[in-house]
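In what follows, a structure is listed as structure tokens, so that the remarks can point back to it.
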Amino acid sequence: MSRRRALIVGASRGLGLGLVERFLARGWDVTATVRRPSAALAALAGAGPLRIETGIDIDDDAAVARLRAGLAEAPDFDLVFVVAGVATQAGTPAGLLPREVAGAVFQTNALSPIRFAESVHRRLAPDGLIVLMTSKLGSVSLNRGGGWSSYRASKAALNTLARSFAGQHSGAAWGLVLMHPGWVRTDLGGRRATLDVETSARGMVAVLEARQGQRGCVFLDYTGATVPW
């Protein structure tokens with residue numbers, strides 16, 4: 001049986017790096033993108049078939065086009081996972097956030113992942129998955145306490161755009177997963193978070209492997225539980 005192939009977008013550290021490590025451990029071929037060289041990612045090259053694409057920023061359409069062209073002769077992917085995201089000045093109330101900062105957060109967290117998915121969805125193998133890293137904080141129904149308002153809103157926007165994207169491609173042979181990784185100890189999650197990267201990555205990979213071949217758009221966490229919209 002041929003090896004499954006994953007494209008992980010935003011893999012220099014944290015959850016992206018953890019996902020690369022876990023997919024390699026599970027026997028997948030992995031292509032990983034980074035904006036700048038990552039020694040931690042390069043160190044995983046001995047763990048399995050790993051191709052690293054440097055200089056890829058999902059906010060840069062030209063860079064995404066170069067990636068797509070560079071992968072033109074490669075086999076199709078069974079899974080494309082867009083991990084990249086930001087939480088710039090997340091603690092500042094949205095009404096006080098500089099407009100240019102808010103715009104940049106929405107571009108990276110909401111618009112760019114959808115543009116990337118639109119760019120690469122034809123490179124998915126039948127029964128493949130597009131996975132977009134979102135957050136439970138993007139659930140509108142669960143937002144009772146506020147806080148991190150611009151980040152919450154950007155992830156809620158991503159969820160809505162993803163539902164629209166899935167609807168526009170309702171006849172496609174692939175599925176779409178919006179993935180909440182849990183509260184993870186990363187640069188974004190902070191030291192007080194309840195999960196380590198390995199636990200979250202292990203859970204997400206298990207959920208996605210079980211999800212292969214299923215269509216539709218779902219909002220899941222790293223344990224496979226459905227998150228309310």
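The values are calculated or read from the model by the stated rules, or taken from the named source; none is laboratory data. Source: prediction; values computed, not measured. No Cβ is skipped: glycine too gets one built from the backbone with ideal geometry, and neighbour counts run over all protein chains shown. With ligands, DNA and RNA removed, areas are computed over all heavy atoms of the protein, side chains included. Shrake-Rupley method; radii C 1.70, N 1.55, O 1.52, S 1.80 Å.
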Some residue of region 107-115 being free of Cβ contacts under 8 Å to residues at least 24 places away in the same chain, in contact with a helix residue (DSSP H, G or I) (Cβ under 7 Å, 6 or more places away or on another chain) and over 24 Å from residue 28 (Cβ atoms): no
Going through region 119-130 one residue at a time, which ones are open to solvent by 10 Å² or more (accessible area, probe 1.4 Å), closer than 16 Å to residue 74 by Cα, of a type outside the set (A, V, I, L, M, F, W, C) and touching a residue at least 40 places away in the same chain (Cβ under 8 Å)? 119, 121, 123, 126
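Each row is one residue, and each column tells you yes or no for (1) modelled with pLDDT of 95 or more; (2) among the polar types (S, T, N, Q); (3) over 19 Å from the mean Cα position of the chain (by Cα).
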| site | (1), (2), (3) |
| --- | --- |
| 2 | no, yes, yes |
| 16 | yes, no, no |
| 22 | yes, no, no |
| 29 | yes, no, no |
| 35 | yes, no, no |
| 80 | yes, no, no |
| 84 | no, no, no |
Pairs, please: C-beta under 7 Å, at least 6 apart or cross-chain, first residue within 17 Å of residue 133 (Cβ to Cβ) and in region 161-178, second open to solvent by less than 40 Å² (accessible area, probe 1.4 Å) and of a type in the set (Asp, Glu)? none
Which condition number in (1) open to solvent by less than 40 Å² (accessible area, probe 1.4 Å); (2) farther than 23 Å from residue 80 by Cα; (3) without any contact (Cβ under 8 Å) to a residue 40 or more places away in the chain is the one that residue 156 fails? (2)
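Report, by residue number, each residue of region 49-85 that is in a loop (DSSP other than H, G, I, E, B), in contact (Cβ under 8 Å) with a residue 40 or more places away in the chain and either open to solvent by 40 Å² or more (accessible area, probe 1.4 Å) or within 22 Å of residue 186 (Cα to Cα) (or both). Step through it out loud before you land on a result.
Applying the first criterion (in a loop (DSSP other than H, G, I, E, B)) to region 49-85 yields 49, 55-60, 71-76, 83-85.
From the residues that got through so far, the ones that are in contact (Cβ under 8 Å) with a residue 40 or more places away in the chain too are 49, 56, 58-59, 71, 74-76, 83-85.
Answer for region 49-85, where residues must be in a loop (DSSP other than H, G, I, E, B), in contact (Cβ under 8 Å) with a residue 40 or more places away in the chain and either open to solvent by 40 Å² or more (accessible area, probe 1.4 Å) or within 22 Å of residue 186 (Cα to Cα) (or both): 49, 56, 58, 59, 75, 76, 83, 84, 85.
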State whether the residues of region 63-78 include one that is within 18 Å of the chain's Cα centre (by Cα) and among the basic types (Lys, Arg). yes
Subset of region 16-48, residues within 20 Å of residue 197 (Cα to Cα), open to solvent by less than 60 Å² (accessible area, probe 1.4 Å) and not hydrophobic (A, V, I, L, M, F, W, C), comes to 16, 18, 22, 27, 31, 33, 38, 48
Say we look at region 131-153 and pick out the residues that are free of Cβ contacts under 8 Å to residues at least 40 places away in the same chain and of a type in the set (D, E, K, R); which of these is surrounded by the fewest Cβ atoms within 10 Å (Cβ to Cβ)? 144
Failed item in (1) assigned to a strand (DSSP E or B); (2) modelled with pLDDT of 95 or more, with residue 126 passing the rest: (2)
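Could you please find all residues in region 162-185 being of a type outside the set (A, V, I, L, M) and out of contact with any Ser or Thr (no Cβ under 9 Å at 6 or more places or on another chain)? If you could, list the steps in order and put the result at the bottom.
To start, the set of residues in region 162-185 that are of a type outside the set (A, V, I, L, M) comprises 163-165, 167-171, 174-175, 180-183, 185.
163, 164, 165, 167, 168, 169, 170, 171, 174, 175 - these are the residues of region 162-185 that are of a type outside the set (A, V, I, L, M) and out of contact with any Ser or Thr (no Cβ under 9 Å at 6 or more places or on another chain).
For region 157-173, check the following and say yes or no: at least one residue is under 16 Å from the mean Cα position of the chain (by Cα) and farther than 13 Å from residue 217 by Cβ.
Step one: of region 157-173, the residues under 16 Å from the mean Cα position of the chain (by Cα) are 157-163, 165-166.
From what's left, farther than 13 Å from residue 217 by Cβ: 157.
Yes, region 157-173 contains at least one residue that is under 16 Å from the mean Cα position of the chain (by Cα) and farther than 13 Å from residue 217 by Cβ.
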Among the residues of region 180-229 satisfying the criterion of being in a helix (DSSP H, G or I) and open to solvent by 30 Å² or more (accessible area, probe 1.4 Å), which is nearest to residue 83 (Cα to Cα)? 197
